[in-house]
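The values are calculated or read from the model by the stated rules, or taken from the named source; none is laboratory data. All figures in this text were calculated on a predicted structure; none of them were measured in a lab. Backbone-built Cβ (ideal geometry, glycine too); neighbour counts: all protein chains shown.
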Amino acid sequence: DGGITQSPKYLFRKEGQNVTLSCEQNLNHDAMYWYRQDPGQGLRLIYYSQIVNDFQKGDIAEGYSVSREKKESFPLTVTSAQKNPTAFYLCASSIGEYNSPLHFGNGTRLTVT
Amino acid sequence: QKEVEQDPGPLSVPEGAIVSLNCTYSNSAFQYFMWYRQYSRKGPELLMYTYSSGNKEDGRFTAQVDKSSKYISLFIRDSQPSDSATYLCAMSEDFNKFYFGSGTKLNVKP
């Protein structure tokens, strides 16, 4: 079954700790994205990658980092520099070509206390 | 001004009703328009996407785009309790960067 797998579903961390969220896809999609979702707000783009070993900052990249060493994987690290990290994080992918909408994973709920 | 505006609701309707969900946008360069359904604590699921103006139908769902008014709609016919979810609209110029509405919460009562 093709899809996007995010793990874990729930994650709890203490303030000051870095944490890495996993995102794996077996759709053979070139492009991958990380969004943050907060209540009452639209999805906000953190980082995206159109191709392996290349990625670009989105609208709210401060306090986050990513890597894209494999086509299938796009992990997101939430660093201690992120001022308000508690949120629902969504990973998405697309073929990366014309006429290609986003497909999402089921998200990771991160709570930092 | 936000790129995409969407009424957050909640919208509550009886089972069997026709539901109309809407978004407005400010960027006339948007060409691709998408609707996603998101159940609680889940990721958004792509329902439909359309290119430019016009209508597209898929089962009980119809997506409508009016580029002259910068207004898009999603109609759900014969709504079911299983349609209860948050509906997100999304738009793009070129499928490179996507702009999302904040979502409308729909509750279909049995």
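Listed by position, the strands (runs of 3 or more DSSP E) contained in segment A:42-113 that have at least 3 residues being in contact with a Lys or Arg (Cβ under 8 Å, 6 or more places away or on another chain) are A:44-51, A:87-94, A:108-112.
List every residue pair whose Cβ atoms sit under 6 Å apart, with the two residues 6 or more apart in sequence or on different chains, where the first one lies in segment B:70-96 and is touching a residue at least 24 places away in the same chain (Cβ under 8 Å) and the second, anywhere, is of a type in the set (D, E, K, R). Taking only residues 6 or more apart or on different chains, the pairs are B:Ile76/B:Arg60; B:Ile76/B:Asp83; B:Arg77/B:Arg60; B:Asp78/B:Arg60; B:Ala85/B:Arg37; B:Thr86/B:Lys105; B:Tyr87/B:Arg37.
Got a sec? Which of B:Ser69, B:Ser102, B:Ser28 is surrounded by 13 or more Cβ atoms within 10 Å (Cβ to Cβ) and in a loop (DSSP other than H, G, I, E, B)? Even if it seems obvious, please write down each step before you answer.
Details: B:Ser69 fails: surrounded by 13 or more Cβ atoms within 10 Å (Cβ to Cβ); B:Ser28 fails: surrounded by 13 or more Cβ atoms within 10 Å (Cβ to Cβ).
Residue meeting the stated conditions: B:Ser102.
Among the residues examined, B:Ser40 qualifies as more than 10 Å from chain A (Cβ to nearest Cβ) and either polar (S, T, N, Q) or on the phi > 0 side of the Ramachandran plot (or both).
Taking (1) farther than 26 Å from A:Arg109 by Cα; (2) facing chain A (nearest Cβ under 8 Å); (3) assigned to a strand (DSSP E or B) in turn, B:Glu57 satisfies each apart from (2). Can we say A:Ala92 is modelled with pLDDT of 95 or more and either surrounded by fewer than 19 Cβ atoms within 10 Å (Cβ to Cβ) or at positive phi (or both)? When the stated conditions are applied, A:Ala92 does not pass them.
From the list B:Ser79, B:Ser73, B:Ser84, which one is more than 14 Å from chain A (Cβ to nearest Cβ), modelled with pLDDT of 95 or more and within 21 Å of A:Leu90 (Cα to Cα)? Steps first, please.
Values: B:Ser79 fails: within 21 Å of A:Leu90 (Cα to Cα); B:Ser73 fails: within 21 Å of A:Leu90 (Cα to Cα).
Going through B:Ser79, B:Ser73, B:Ser84 in turn, the sole match is B:Ser84.
Looking only at segment B:53-66, how many residues end up being more than 17 Å from B:Glu93 (Cα to Cα), under 14 Å from the mean Cα position of the chain (by Cα) and surrounded by fewer than 14 Cβ atoms within 10 Å (Cβ to Cβ)? Count: 3. Out of the residues in segment A:32-70 meeting the condition of being of a type in the set (Lys, Arg) and within 14 Å of the chain's Cα centre (by Cα), tell me which one is nearest to A:Pro101 (Cα to Cα). Of everything passing the filter in segment A:32-70, A:Arg44 is nearest to A:Pro101 (Cα to Cα).
Would you check if A:Leu76 is under 24 Å from B:Phe30 (Cα atoms) and either under 13 Å from the mean Cα position of the chain (by Cα) or buried (at least 21 other Cβ atoms within 10 Å of the Cβ) (or both)? Criteria not met by A:Leu76.
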